[in-house]
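Asker: For reference, the structure I am asking about is given below.
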Amino acid sequence: MDKIVIHGGRPLTGEVAISGAKNSALPLLFATLLASGIHRLRNVPRLRDIDTVEKLLTGFGARIVADRNGLEIDAGAIESLEAPYELVRTMRASVLALGPLLARFGRARVSLPGGCAIGARPINLHLKGLEILGAEITLDHGYVEAKATQLRGAPIYLDMPSVGATENLMMTATLAQGETILENAACEPEIVDLANALRDMGAVIEGDGSDKIHIQGVDALAPLDYQVMPDRIEAGTFMIAAAITGGNILLRGCTLEHQDALVSKLHQAGVDVELVAEGVRVRGPQQLQPVNIKTLPHPGFPTDMQAQFMALMSLAGGTSTITETVFENRFMHVCELQRMGANISIDGRCATVRGVRELLGAPVMATDLRASASLILAGLAADNTTEISRVYHLDRGYERIEEKLQGLGADIRRVAAQ
Ligand code: UD1
């Protein structure tokens, strides 16, 4: 298995281009199942999760051509309505195939995603919502089977503002008969990106970006031609890379839209984040200040930035608390940060981080996608060598991260498996 080796201690400087958002590109790719014809998606990041969706779509019978500008997807000749376990188990978002296939073909069979390192992550809200829209759901040998002769719009209250459930149900409702109202819906920017794309396809959707989304079903949708929004989590990770190394970098291809919670916490930590004509300029301070954060659904502090922010706070001049409310088990990076000299204790969903003067390089292991990013950040700040193993987690969600960091002056390289 590949490793990432970092010799830390260099302030990062220069410019970095932010890629398209993984969490937007994934649902957009599944949305292509809603309509026949040739779909075009631009600014799609090259990531392992995107490869997985491509394999799923190809398995259904779609034809995909990749070029410099993005992907062209022909979802006209769908022959299979089944998402197999081998693919679904590597990426939970595969469950987003369920709604679009059901809505267009009246049937779908998708493997249950199974366990995940950051918590149980059930799909009960997806299934309950589909049932309310008229689907008959059965579980068979680890697969969810959904069938419907006619989906009918209905009010659906989500017990939790789940991003995936909101996306799955919004896509399904576009082809149901009548109006669906999603209440307590997720408000994440990626939901708005998906709604914008669906509207371009001819869907009738209002209220996305708020907790109440109205969808008026239509008979058919047209193919998609759309540019994926910039990745706010990748951008946030590079902001912290500048902050933790005391560097000065320019992020190109992104703005500060949707970053209010993160930027406000970075300002409190003493980091200078500024919108400039060319993008976003970030300068790290001489001494980081401690900051308390609590993860929440958007517009609260994103859970996908929690691990990276913890790495930053481990070098602050004082004590910070970090409370994780979205996932029940998202502190897997703590033990690894401790191996690098961080002083962190955990009590349930709250971590107390007592800032230390320096982090020390060590061999560490990535446990999930954002945990891997936090270890890279810690390694960039540590004063000797850090070796991160199990980097396949990183490849799920960061496009060419080591190349981008090298471009900013980091001493980082990937060592291929022997
Ligand atoms: C999406 C993001 C992920 C991010 C998360 C929260 C994608 C591909 N992934 O994941 O990066 O960390 O939002 O911002 O966009 N839940 C249930 N039942 C359900 C669905 C969810 O109880 O049916 C719970 C989950 O266990 C979790 C919480 O709801 O505790 C939030 O999960 P959800 O918003 O659904 O996350 P994902 O869509 O999986």
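Asker: Just to make sure I understand: if all protein chains stay in place, what is the order of His333, His393 by accessible area at 1.4 Å, largest first? Don't skip to the end; give the middle numbers.
Answerer: On the way: His333 0, His393 35 Å².
The ordering from most to least exposed comes out as His393, His333.
Asker: Pull up all non-local amide H partners of Ala83: gap of 5 or more, or a different chain, and H-to-H distance under 5 Å with H placed in the peptide plane.
Answerer: Arg109, Val110, Ser111
Asker: If you don't mind, there's one more thing I want to ask. Using only the Cα atoms of the chain, what do you get for the radius of gyration and for Dmax, in Å?
Answerer: Expressed in Å, the Cα Rg and Dmax of the chain come to 21.4, 64.
Asker: Now for a separate question. About the Cα centre, and with charges only on the beta carbon of Lys, Arg (+1) and Asp, Glu (-1), how big is the dipole of segment 22-227? Nearest 20 debye, please.
Answerer: 380
Asker: If you don't mind, there's one more thing I want to ask. Going by amide H atoms built from the backbone, whose H comes under 5 Å of the H on Asn384, apart from near neighbours?
Answerer: Answer set, sorted by chain and number: Gly8, Gly361.
Asker: Might you work out the accessible area of Tyr157 for me, using a 1.4 Å probe with all protein chains in place, and round it to the nearest 10 Å²?
Answerer: Solvent-accessible area, nearest 10 Å²: 130 Å².
Asker: Using a simple charge model, +1 on the beta-carbon of Lys and Arg, -1 on the beta-carbon of Asp and Glu, nothing else, what dipole does the chain show about its Cα centre, in debye to the nearest 20?
Answerer: Numbers: 39 positive and 49 negative charges, 161 e Å.
So the magnitude is around 780 debye.
Asker: Determine ³J(HN,Hα), in whole Hz, for all residues of segment 388-400 in sequence, where each value follows from phi through the Karplus function 6.51 cos²θ - 1.76 cosθ + 1.60 and θ = phi - 60°; x replaces Gly and Pro.
Answerer: Computed from phi, the couplings for segment 388-400 are 9, 9, 6, 6, 4, 4, 5, 5, 5, x, 10, 7, 6 Hz.
Asker: Let me ask something else about it. So who's got an amide H within less than 5 Å of the one on Met229, skipping anything under 5 residues away but keeping other chains? H placed 1.01 Å off N, in plane.
Answerer: Residues meeting the amide H criterion: Ala21.
Asker: Which one of Ala173, His39, Ala220 is farthest out on the positive end of the charge dipole of segment 22-227, using unit charges on Cβ (Lys, Arg +1; Asp, Glu -1) and the Cα centre as origin?
Answerer: His39
Asker: Where only protein heavy atoms count, and the probe is 1.4 Å, what is the accessible area per residue for segment 22-227 in Å²?
Answerer: Here the per-residue accessible area is 40 Å².
Asker: Separate question: Order His267, His141, most accessible first, counting only protein heavy atoms with a 1.4 angstrom probe.
Answerer: Numbers: His267 95, His141 170 Å².
So, going from the largest accessible area down, we get His141, His267.
Asker: Probe radius 1.4 Å, ligands and nucleic acids ignored: give me the carbon and sulfur share of the accessible area of the chain as a rounded percent.
Answerer: 48
Asker: Shifting gears a bit: Here are some pairs, Lys55/Lys265; Lys22/Lys55; Lys22/Lys147; Lys3/Lys404; Lys128/Lys265; Lys128/Lys294; which of them have Cα atoms lying more than 27 Å apart in this structure?
Answerer: Violating the 27 Å limit, Cα to Cα: Lys55/Lys265; Lys22/Lys147; Lys128/Lys265; Lys128/Lys294.
Asker: Assuming a viscosity of 0.890 mPa s and a temperature of 25 °C, what translational diffusion coefficient in µm² per second does Stokes-Einstein assign to segment 22-227, Rh being the Kirkwood radius over Cα pairs?
Answerer: Roughly 149 µm²/s, to the nearest whole number.
The values are calculated or read from the model by the stated rules, or taken from the named source; none is laboratory data. In this text, all values refer to a predicted model and were calculated from it rather than measured experimentally. In this analysis, Cβ positions are derived from the backbone assuming ideal geometry, glycine residues included, and neighbour counts consider all displayed protein chains. For the accessible areas, the whole protein counts, side chains as well, though only heavy atoms, and no ligand, DNA or RNA atoms are used. Shrake-Rupley method; radii C 1.70, N 1.55, O 1.52, S 1.80 Å.
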